[in-house]
Each structure stands twice: as structure tokens, then as C-alpha cells.
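Trainee: Would you mind keeping the following structure in view while I ask a few things?
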Amino acid sequence: MNYPYANGVLKVKEADLFTNASYLRLKDSKDILKTLEELGYEKKQTIEATLVNELVKTKDLIQSLSPNHKLTNCFFLVSDATNVKAYYKARIFNLSTDDLYVPNSNFSKENLEKAILNYDLKGLSKENQKLFIKLEQELKGLEENPRLISAKIDQVLFNKAYKDSNKINDKALREYLVLNIDTINIITLFRAKKLNFDLSEVLDVFIDNGKIKIDFLKDLYQEDDEDRILKEIVLVYPKLEKPLLGYFKNQSLDLLERAFKSYILEEIAKYEYDSMKLGPMLYYYVSKEIEIENIRLIYFDQSIALSDLIKGEKNG
């Protein structure tokens, strides 16, 4: 496939993305699964199965249209990280692997079991063999530290994706990765402050290659003045002032993460009409991820205000 064709297909699909009216129907519904079916979702036995199925269908659509799978594979980085963390922790702590697997991933369940649980890299691509060898090296000696295991996996996977994005000049994908790195690091910074981690512990968990450098994050971790922290982050990302002020007021990392996801989509929307590049495909996928997360939020709390959902162009 080529980009103009792929992006044209997804531009038509954008018309089906949920609006505030769609979310209001769910909030008022006495049978959310039935309402989702009326809104175009394939109904499954449970809400989670329905949402996972929709996300997998979206991934399959993206991959069927993709002119460059190495780049579109980066869309599914978070699911990859979730799976790799879960299987390593299952191995290290002798946990059950039942219901661990997140289907929306570049790695099959079978390959994860072989590579992580059984140390068997046969059948993997050479690139993925190198990746799992690198992971084994980075995780050696960390068996007693689940938090650091998760951080190291994020570092390795994001570093690989960042390098892949640099090989082909696609601004949308590179900005998407950098925004994810920086927002994850900011969340890590505030979470570590809440838990009073030692400085050495915090430095081990930041992800490299963001616009906000790790030395800068180190200084912010040692800073107690919220106004100073706000000022320094806003110098790099001016549009984060409002969500950061909200966090300092309500201390809710959940709401801050939602605000960050809204911001990432807003920035990726700049590339929505770049028909010769990856931007429209990335915009559609991130929009769909946000839609599914909003549905999940409503399902578990139908009283949630629309203003507390993750904002997108259709429900901003």
C-alpha cells in the first residue's frame, strides 16, 4: 500500500470516531454493550472483550494498510511494553501467565512465552532476537526489584523505537515518541516525589531521548517549589501549564495522565492532513485508543463528567 491510499481509507473511518454525543449515549445507557453495538462496535461477551476486539481490529486495519511496518509497529509500543513486563515478572516471581497477554501487540503470545519463559529465540526475527538478548542483559541482577524491571523494559523498547524512527524521516512518529517519553518521565517524577524515592532510584527509571533531559529531571526532583517546577517544564512544553496547575491543585496522577494523552493527540493532529507521510495513520490510531479508554472510563463510572474524559478533536 502507499500513504495516499492508506490515509484516504482512514480519513473515511474518522467519521465514525466518537463525539460527545456518542459518550452521552453511553453515560445514559442501561445496557452499554448494546449501545456500543448500535454505535458500530462488535459485541462480545464482556466489555473488556468488546474493547480489546475493537483495538485489535484497528491494529489489523493499520497493518493491512501500512507502507512501512517498522514504523507502524511503533504505534503498538505501549502494548509491547505491557506484555514484556508481565511475562518477565511472571518468570521471575513464578506467577501464572493466564490472562496476561494484551493482544494489541507486535509480539505473539507464543513468541513471548518462548523468548521470556523458555529462553528460546528460535522463530523470532533477527531484530527481535537482538532485542530479547538486550533485555536479558539489562534485567540481569534485577530479580528483586519489580519497579526497576519495568523501567528497564520501557527504556530498551523506547530506545529501539526512537532509533527506528530516526532511520526514516517521519516527524509525526518521532514527535509522538518524544512526547510519550517526556510525559511518562514527568509522571514518573511526580510519582517518585509522592513516594519519596532516593535520587539514585529515580535516575534509574527515567527514559532517555526526550526533550526534557535526564539531568534536568534530576534537578526538578530535588526542587520542592511547585512554581519553579511548573516554570521549568512549561519552558519546554508551554501547553502543559494548565494540566500541571490542575495536578498541583488536585494531586491526581490519573487526571494528569488523561490530560497528557489529550495533549499528545492535539500535537499529532498537526500531521493529520500530511497525506504523503505517517501522520494521518498515527492520528487515527491514537484517536481510537483514546476513544476506547474513554469508553472504559464511562463503563466503570457512568457519572463521570465529559470534562474528565480524555479530549480529542471530536469531543474537545
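Trainee: Please give the net charge around ILE62, taking every other residue with its beta carbon less than 14 angstrom from that of ILE62, where Lys and Arg add +1 and Asp and Glu add -1.
Mentor: +2
Trainee: What is the diffusion coefficient of segment 59-125 in µm²/s, taking the Kirkwood radius over Cα pairs and the Stokes-Einstein relation at 20 °C with a viscosity of 1.002 mPa s?
Mentor: 168 µm²/s
Trainee: Over segment 169-277, what is the relative contact order in whole percent, taking alpha-carbon pairs under 8 Å and six or more residues apart?
Mentor: After rounding, I find 30 percent.
Trainee: Let me know the shape class of segment 1-142, please: from the alpha-carbon gyration tensor, a ≥ b ≥ c as square roots of the eigenvalues, rounded when a/c is under 1.5, otherwise prolate if a/b is greater than b/c, or oblate.
Mentor: oblate
Trainee: Provide the per-residue ³J(HN,Hα) series for segment 125-130, in order, calculated from phi with Karplus coefficients 6.51, -1.76, 1.60 and θ = phi - 60°, each as a whole number of Hz, with x at glycine and proline positions.
Mentor: With the stated coefficients, segment 125-130 comes to 5, 4, 4, 6, 4, 4 Hz.
Trainee: How many Å³ per residue does the convex hull of the Cα positions in segment 78-167 occupy?
Mentor: It comes to 93 Å³ per residue, whole-number rounded.
Trainee: Of ILE186, ILE212, ILE47, which has the largest mean-square fluctuation in a 10 Å C-alpha GNM of the chain?
Mentor: Result for the chain, Cα springs under 10 Å: ILE47 fluctuates most.
Trainee: Kindly identify segment 90-224 as rounded, prolate or oblate by the Cα gyration tensor criterion: order the square roots of the eigenvalues as a ≥ b ≥ c, call it rounded if a/c is under 1.5, otherwise compare a/b with b/c, prolate if a/b is larger, else oblate.
Mentor: Oblate, because a/c is 1.5 or more while a/b does not exceed b/c.
Trainee: Within segment 23-73, report the GluC sites (Glu not before Pro) that DSSP leaves as loop and that have at most 14 other Cβ atoms within 10 Å.
Mentor: Of the GluC sites (Glu not before Pro), the ones in loops of segment 23-73 whose Cβ has at most 14 other Cβ atoms within 10 Å are GLU42.
Trainee: Roughly how big is segment 78-167's charge dipole about its Cα centre, with Cβ charges of +1 (Lys, Arg) and -1 (Asp, Glu), in debye to the nearest 20?
Mentor: Dipole of segment 78-167, to the nearest 20 debye: 360 debye.
Trainee: Between segment 252-296 and segment 162-233, how many Å separate their Cα centres?
Mentor: 19 Å
Trainee: On to the next question. May I ask for the net charge around LEU100, where only other residues with Cβ less than 12 Å from the Cβ of LEU100 are counted and Lys, Arg are +1 while Asp, Glu are -1?
Mentor: Its environment carries a net charge of +1.
Trainee: Another question about this same structure. On the principal axes of its Cα set, how long, how wide and how thick is segment 179-293? Give whole Å, largest value first.
Mentor: Here the Cα extents, ordered largest to smallest, are 46, 28, 25 Å.
Trainee: Mind checking the full-extension length gain between LEU306 and GLN222? Use 0.36 nm per residue of separation minus the Cα-Cα distance, one decimal, nm.
Mentor: 26.7 nm
Here, each number is a calculation from the coordinates, and none is a lab measurement. The model shown is predicted, which means the values in this text are computed figures rather than measured ones. All Cβ positions, glycine included, derive from the backbone under ideal geometry; neighbour counts span all protein chains shown.
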